[in-house]
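Written out below as structure tokens is the structure these notes cover.
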Amino acid sequence: MKNFYSNIIKPNPKNLNKIIKILKKDGIISLPTETVYGLAGNAYSKISIRKIFNVKKRSKKNPLIVHYYNLKDAKKDVVLDKRFHKIFNKFGPGPLTFILKKKQSSRINPIACANLKTVGVRFPKNKIIRKILKDLSFPLAMPSANKSSSISPVKATDVAEEFGNKIKIVDGGVSKIGIESTVLNLDGKISILRPGIITSTQLEKILKIKINLKYNQKIIKSPGSLRKHYSPGIPIYLNKKKCPKEFAFITFGFKYPVTRNSFNLSRKSNLNEAAKNLYKFFRLIKNKGYKKIYVVKIPNKGIGFAINDRLKRAAKK
Ligand code: TXA
Ligand code: MG
């Protein structure tokens, strides 16, 4: 009998060879990272890039993040300045995307960057994707592996829910972090375009300057960042203290009772745990058929800032 999820494959050596062949032939494939699962293709190939935009139904105005194995590879396409090195020395590789100036000689397909003069560059930490990147002679353009505006996937079956049997998915277990990378603009004035697990306070400490949170402003530097996003497709109400029984109640902390309709992000009030559970709960609640979600107030400090950012965007009408 054919397994519905027959397109989910284990990252054994035989399969890794297959994956590399697919990528070399301009194919696309879903790969695990420490943040969320991505939909990967050769960043130098117009064919691969087109496939990614089509499968995701993504606007061509919204640039993709390009993933590299190391600095030597990235240097071929983007300018790595002092500020970059300072931050990379502390946080690279990891859940951080740098917006950097594209070099004239860069081979990145212009469509991948929405024809901008900058590139979103990330060095993922996940061991499976690092193995793959190491064997390739090109970087991987890789947005989150979900249809545009939907919930980012944090495990292989989540990706299968998004795209069915259309693409192969490499099973790397549950994503450690569970929300997308921090996006940091290093083109001109430094700013955070998308908050994440690496916070502005951590970055400010290293650079010894104040960092803007530009994503709050009207200027759309990250074209995808102001639209409704990360959404389970049902109305979400924030900062609620109580919730009717028939709706899903996302809670945080020990004081909330365990009820059938409640989903506690972290009983211990641990924000890392809460971030890891957020998309998992969104998907679970959606699949259980709830029509509305109520969410309690989440502390707006540290990683809580990124959680609130995703909640606000998911709640956008
Ligand atoms: O954690 C992550 O970053 C995941 C994993 C798979 O690496 N990827 C991810 O990609 O979240 P995506 O495409 O879902 O989100 C990329 C964000 C978008 O908001 C996009 O607008 C912004 O990064 N971005 C990419 N390149 C940019 C650029 N050159 N200038 C400004 N924003 C950019
Ligand atoms: Mg995304």
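The values are calculated or read from the model by the stated rules, or taken from the named source; none is laboratory data. Computed from a predicted structure; not experimentally measured. Cβ sites come from the backbone with ideal geometry, for glycine too, and all protein chains shown count toward neighbours. What goes into the accessible areas is simple: the full protein's heavy atoms, side chains included, and nothing from ligands, DNA or RNA. Shrake-Rupley method; radii C 1.70, N 1.55, O 1.52, S 1.80 Å.
Within the range 112-151, the set of residues being touching a His at 6+ places or on another chain (Cβ under 9 Å) and near ligand 1 (Cβ under 8 Å from one of its atoms) comprises R122, P124, M142.
Of everything in the range 140-149 that's touching a strand residue (DSSP E or B) at 6+ places or on another chain (Cβ under 9 Å) and assigned to a loop (DSSP other than H, G, I, E, B), which residue is surrounded by the most Cβ atoms within 10 Å (Cβ to Cβ)?
A145
Scanning the range 184-194 for residues that are under 23 Å from E273 (Cβ atoms) and near ligand 1 (Cβ under 10 Å from one of its atoms) yields a single hit, R194.
The set of residues in the range 161-182 being within 12 Å of ligand 1 (Cβ to nearest atom) and either farther than 24 Å from F53 by Cβ or touching a Leu at 6+ places or on another chain (Cβ under 8 Å) (or both) consists of G172, K176, I177, G178, I179, S181, T182. Looking across the range 215-259 at every residue that is at pLDDT 65 or above and in contact with a Leu (Cβ under 9 Å, 6 or more places away or on another chain), the one that is nearest to ligand 1 (Cβ to nearest atom) is identified as Y230.
Within the range 180-200, one or more residues are within 23 Å of K312 (Cβ to Cβ) and assigned to a helix (DSSP H, G or I).
Residues in the range 126-164 that are within 14 Å of I65 (Cβ to Cβ) and of a type outside the set (S, T, N, Q): I129, L133, P139, L140, A141, M142, P143, A145. When the strands (runs of 3 or more DSSP E) confined to the range 226-317 are screened for residues that are of a type in the set (V, I, T), those reaching at least 1 such residues are found at 248-251, 293-295.
Quick grid of which residues meet (1) out of contact with any strand residue (DSSP E or B) (no Cβ under 9 Å at 6 or more places or on another chain); (2) within 16 Å of ligand 2 (Cβ to nearest atom); (3) modelled with pLDDT of 95 or more; (4) open to solvent by less than 10 Å² (accessible area, probe 1.4 Å):
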position	(1), (2), (3), (4)
S105	yes, no, yes, no
T118	no, no, yes, no
F123	no, no, yes, yes
K127	yes, no, yes, no
K134	yes, no, yes, no
F138	no, no, yes, no
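Those helices (runs of 4 or more DSSP H) of the range 1-92 in which 1 or more residues are charged (D, E, K, R) and either buried (at least 22 other Cβ atoms within 10 Å of the Cβ) or under 17 Å from the mean Cα position of the chain (by Cα) (or both) occupy 46-56.
Please find, within the range 173-182, the residue that is farthest from ligand 2 (Cβ to nearest atom) out of those that are of a type in the set (A, V, I, L, M) and open to solvent by 10 Å² or more (accessible area, probe 1.4 Å).
V174
Can K286 be described as closer than 19 Å to T35 by Cβ, open to solvent by 20 Å² or more (accessible area, probe 1.4 Å) and not assigned by TED's automatic domain parsing to the domain that holds S148? So K286 fails the test.
For the range 205-214, the tally of residues that are surrounded by 13 or more Cβ atoms within 10 Å (Cβ to Cβ) and either at pLDDT below 55 or assigned to a loop (DSSP other than H, G, I, E, B) (or both) stands at 2. Apart from one condition, T157 fits all of (1) within 16 Å of ligand 2 (Cβ to nearest atom); (2) surrounded by fewer than 24 Cβ atoms within 10 Å (Cβ to Cβ); the exception is (1).
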